[in-house]
Amino acid sequence: MTPNLRIFLGVFLLSLPLWWGLNVAGERLENFFFWSELARNPQMFTAQASLETKLWEMLPSRKQSAAPLELGASSALSVFVQGESQESKVLFEKDAQKRIPIASLSKLMGALVVARRYPLDKEIVVSRVAVAEEENFGELKEGDSFTHFDLLRPMLMESSNDASAAFALEIGMANFLNLMNQEADSLGLFDTFFANHAGLDPDIPGEPLNYSTARDLFVLTRHLKTFYSSVFEILGLKEYPLYTADGRFHHMMKNTNELLASNGWPTRVLGGKTGWTPEAQGGLVLVLESPKGKGYLVNIVLGSEQRFRDMKELVNWVFDSWRF
């Protein structure tokens with residue numbers, strides 16, 4: 001090290017306390033003038049709050065380079081929900097207020113009815129009538145006994161019609177449907193209607209079927225995530241061991257939602273629900289964390305011939321087209 005370099009380093013180290021002191025003094029002086037001005041001019045606070053509101057309205061912000069998105073689904077919606085305030089901002093929509101058959105997405109409302117109205121630690125026995133439900137995707141058997149909460153898992157993860165029927169039969173099919181529609185009304189889901197507990201297509205063409213809109217399903221999903229987090233967490237389980245009420249292992253459940261695994265997205269998938277019937281085609285709700293931990297993204301596709309492909313295109317577009 002040369003003598004000049006030694007002198008320079010020595011002077012630099014000796015000057016650090018001085019510069020730090022000047023910075024602190026400057027910061028205190030700046031704060032003093034700020035609060036003095038605020039005392040003389042309280043409108044300044046209102047202006048700052050207004051500016052923060054405008055900044056919120058700008059974020060997330062659409063990138064100028066973002067290309068339009070063309071989706072094959074009949075209806076689609078992507079909404080950003082701010083974590084603390086629950087303020088929401090639409091990032092993409094396609095016919096989001098169009099009434100469309102929703103198939104097993106109906107079980108989201110069934111889960112809300114159970115979470116609100118049923119004692120979750122009470123036991124329920126699966127009946128012969130329940131296992132006779134058509135298009136069963138689970139492995140439930142007559143006489144199986146579970147707690148209400150545990151039976152929610154095959155209903156939501158495997159989209160088990162048997163589990164849904166067991167809940168409905170416990171209080172009567174008509175009563176269960178009335179509760180589903182009452183909950184829809186109380187949430188302001190005025191474009192939503194339930195004709196059966198599981199979302200099955202009617203046996204006779206022209207009979208009523210379950211329908212909703214992407215916007216109504218967003219409100220329902222946000223409500224579940226906000227007020228029934230333990231139920232919503234079931235929607236994020238890739239697989240889970242199901243046990244009977246007496247502690248006997250029943251089977252390993254696997255989620256019907258193949259997008260719960262990593263898809264190369266920058267944030268984590270929190271949960272989702274699948275639905276499909278010939279009449280409804282494919283439906284999918286998928287919730288992800290938003291970038292920078294600011295909240296979460298609710299993404300919905302309805303009436304899709306390729307629901308997982310359409311959902312991937314939607315989520316990819318959101319991450320590519322918006323600045324968070």
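The values are calculated or read from the model by the stated rules, or taken from the named source; none is laboratory data. In this text, all values refer to a predicted model and were calculated from it rather than measured experimentally. Cβ coordinates were reconstructed from backbone atoms using ideal geometry, including for glycine residues, and neighbour counts include every protein chain displayed.
Would you please name the residue that is farthest from PRO60 (Cα to Cα), looking only at residues in the range 294-311 that are buried (at least 18 other Cβ atoms within 10 Å of the Cβ) and touching a helix residue (DSSP H, G or I) at 6+ places or on another chain (Cβ under 7 Å)? Break it down stepwise before answering.
Initial filter on the range 294-311 (buried (at least 18 other Cβ atoms within 10 Å of the Cβ)): 295-304, 307, 310-311.
Among the residues that remain, those that are also touching a helix residue (DSSP H, G or I) at 6+ places or on another chain (Cβ under 7 Å) are: 297-302, 304, 311.
Numbers: LEU297: 11, VAL298: 14, ASN299: 15, ILE300: 19, VAL301: 21, LEU302: 24, SER304: 27, MET311: 20 Å.
Restricting to residues being buried (at least 18 other Cβ atoms within 10 Å of the Cβ) and touching a helix residue (DSSP H, G or I) at 6+ places or on another chain (Cβ under 7 Å), the top hit is SER304.
From the list ASN255, ASN263, pick out the single residue that is modelled with pLDDT of 95 or more and at negative phi.
Working: ASN263 fails: modelled with pLDDT of 95 or more.
Criteria check complete, one pass: ASN255.
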Which ones in the range 292-311 are in contact with a Phe, Trp or Tyr (Cβ under 9 Å, 6 or more places away or on another chain) and more than 21 Å from LYS98 (Cα to Cα)?
-> LYS292, LYS294, GLY295, TYR296
With respect to the numbered conditions (1) closer than 18 Å to ASP310 by Cβ; (2) in contact with a Leu (Cβ under 9 Å, 6 or more places away or on another chain); (3) without any contact (Cβ under 8 Å) to a residue 40 or more places away in the chain, which one is the sole condition not fulfilled by LYS238?
-> (1)
Top-ranked residue of the range 259-286 - restricted to ones that are surrounded by 17 or more Cβ atoms within 10 Å (Cβ to Cβ) and small (Gly, Ala, Ser), ranked as farthest from LYS225 (Cα to Cα) = ALA280
Those residues of the range 151-191 which are touching a residue at least 60 places away in the same chain (Cβ under 8 Å) and either farther than 30 Å from THR244 by Cβ or of a type in the set (Ser, Thr, Tyr) (or both) amount to SER159, ALA184, ASP191
If you scan the range 243-283, which residues turn out to be in contact with a Lys or Arg (Cβ under 8 Å, 6 or more places away or on another chain), under 22 Å from GLY199 (Cβ atoms) and not in a strand (DSSP E or B)?
-> ASN255, ASN257, LEU259, LEU260
Working only within the range 62-82, note down all residues that are surrounded by fewer than 14 Cβ atoms within 10 Å (Cβ to Cβ) and either among the basic types (Lys, Arg) or in a strand (DSSP E or B) (or both).
-> ARG62, LYS63
Listed by first then second residue, the pairs whose first member lies in the range 72-92 and is small (Gly, Ala, Ser), whose partner is modelled with pLDDT under 95 and not in a strand (DSSP E or B), with beta carbons under 7 Å and at least 6 positions apart or on separate chains, are GLY83/LYS294
Could you run through the range 118-153 and say how many residues are in a helix (DSSP H, G or I), touching a helix residue (DSSP H, G or I) at 6+ places or on another chain (Cβ under 9 Å) and surrounded by 15 or more Cβ atoms within 10 Å (Cβ to Cβ)?
-> 7
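Closer than 24 Å to GLY271 by Cα and in contact with a strand residue (DSSP E or B) (Cβ under 7 Å, 6 or more places away or on another chain), is that true of ASP150?
On the way: closer than 24 Å to GLY271 by Cα: yes; in contact with a strand residue (DSSP E or B) (Cβ under 7 Å, 6 or more places away or on another chain): yes.
Judged against the criteria, ASP150 is a match.
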Determine if the range 226-242 includes at least one residue that is assigned to a loop (DSSP other than H, G, I, E, B) and in contact with an Asp or Glu (Cβ under 7 Å, 6 or more places away or on another chain).
-> no
